[in-house]
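Encoded as structure tokens, the structure appears first; notes follow it.
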Amino acid sequence: MTKQDLRIKTRDGVAKAGLFRSAKTSSARAGVILYQDAFGPRPALDGIAERLAGEGYAVLVPDLFYRNAPYGPFDAKTAFTEENSKAALMALVTGTTQQMTISDGEAFLDALAGEGVRGLIGTVGYCMGGARALNAAAAYPERIRAAASFHGGNLASDAADSPHRKAASIKARVYVGMAGVDRSFPPEQSTRLEEALRNAEVDHTIENYVGMAHGWCVPDHSVYNQAGAERHWQRLITLFAETLG
């Protein structure tokens, strides 16, 4: 794999990003934007991007916390158990609103186009990135054909920027993989999201990963589960293969 470091001009500043591609192909068949979890861009997310790039995609991993850089780094296994790092993380997460990331989406898409990726686009997000992947699909329906969330939180909350409220704008195929038990995405939210997507006639799947905990897909999480992660890979690769070509 090859990684190219980018600096993307947005309305609020400059976001650093990594662009991953396979060294075996001269051009990617489509692009993917990978929306980070709460711990920010790091080697664990680079590994996910590299595996996706190996499937033939150009994968952009932007720093959603760029407005507050520098920050971290954080240890995903301990960051929420240590008071200082937990406070710093929560400040970053709550200080980076959905609307900020939606606004950044145009610059992310344009960055891919500027690097020669002008075909179909998919999004995938983990944890806080899950809602952002779905909101991007709603905000840029003509450009994003597939959107996936894994252990995403607050996908159908009472908040005004909850993704389920924008289901009618989504033209992409949607896949949601939820942890078996997840306080950030309880059963009532799953039901609400299902109803919103069905009523909006969005092609979608919501799947319950029984026995998996929030964060099971990402290798540096304390709850990482290899079997569950491989299942997530099967679903994600199939989604993108069927929608992005």
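Taking the numbered list (1) of a type in the set (S, T, N, Q); (2) within 19 Å of Tyr126 (Cβ to Cβ); (3) modelled with pLDDT of 95 or more; (4) surrounded by 15 or more Cβ atoms within 10 Å (Cβ to Cβ) in turn, Thr10 passes all entries but (2). Listed here are the helices (runs of 4 or more DSSP H) enclosed by segment 66-149 that have at least 2 residues being in contact with a strand residue (DSSP E or B) (Cβ under 8 Å, 6 or more places away or on another chain) and under 16 Å from Pro41 (Cβ atoms): 98-114, 128-139.
With the structure loaded, tell me whether Arg51 is closer than 27 Å to Trp233 by Cα and outside any loop (DSSP other than H, G, I, E, B) or whether it fails that test. It is true that Arg51 is closer than 27 Å to Trp233 by Cα and outside any loop (DSSP other than H, G, I, E, B). For Pro73, the conditions (1) modelled with pLDDT of 95 or more; (2) exposed (fewer than 15 other Cβ atoms within 10 Å of the Cβ); (3) touching a Lys or Arg at 6+ places or on another chain (Cβ under 7 Å) all hold with the exception of (1).
Identify, please: which residue in segment 53-92 is within 25 Å of Ile121 (Cβ to Cβ) and touching a residue at least 60 places away in the same chain (Cβ under 8 Å) and is, among those, farthest from the chain's Cα centre (by Cα)? Among them, the one singled out is Glu55.
Residues are listed down the side, and each one gets a yes or a no for (1) open to solvent by 40 Å² or more (accessible area, probe 1.4 Å); (2) closer than 21 Å to Ala146 by Cβ; (3) outside any loop (DSSP other than H, G, I, E, B); (4) in contact (Cβ under 8 Å) with a residue 24 or more places away in the chain:
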| position | (1), (2), (3), (4) |
| --- | --- |
| Ala196 | no, yes, yes, yes |
| Thr205 | yes, yes, yes, yes |
| Asn208 | yes, yes, yes, yes |
| Cys217 | no, yes, no, yes |
| Ser222 | yes, no, no, yes |
| Trp233 | no, yes, yes, yes |
| Leu236 | no, yes, yes, yes |
| Leu239 | no, yes, yes, yes |
| Glu242 | yes, yes, yes, yes |
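So which residues in segment 150-187 are open to solvent by less than 10 Å² (accessible area, probe 1.4 Å), outside any loop (DSSP other than H, G, I, E, B) and out of contact with any Cys (no Cβ under 7 Å at 6 or more places or on another chain), if there are any at all? Matches in segment 150-187: Pro163, Ala167, Val174, Val176, Gly177, Ala179.
The values are calculated or read from the model by the stated rules, or taken from the named source; none is laboratory data. Remember, predicted model here, so these are calculated numbers, not experimental data. Positions of Cβ are generated from backbone atoms using ideal geometry, with glycine treated the same way; all protein chains shown enter the neighbour counts. The area values use the complete protein model at the heavy-atom level, side chains included, leaving out ligands, DNA and RNA. Shrake-Rupley method; radii C 1.70, N 1.55, O 1.52, S 1.80 Å.
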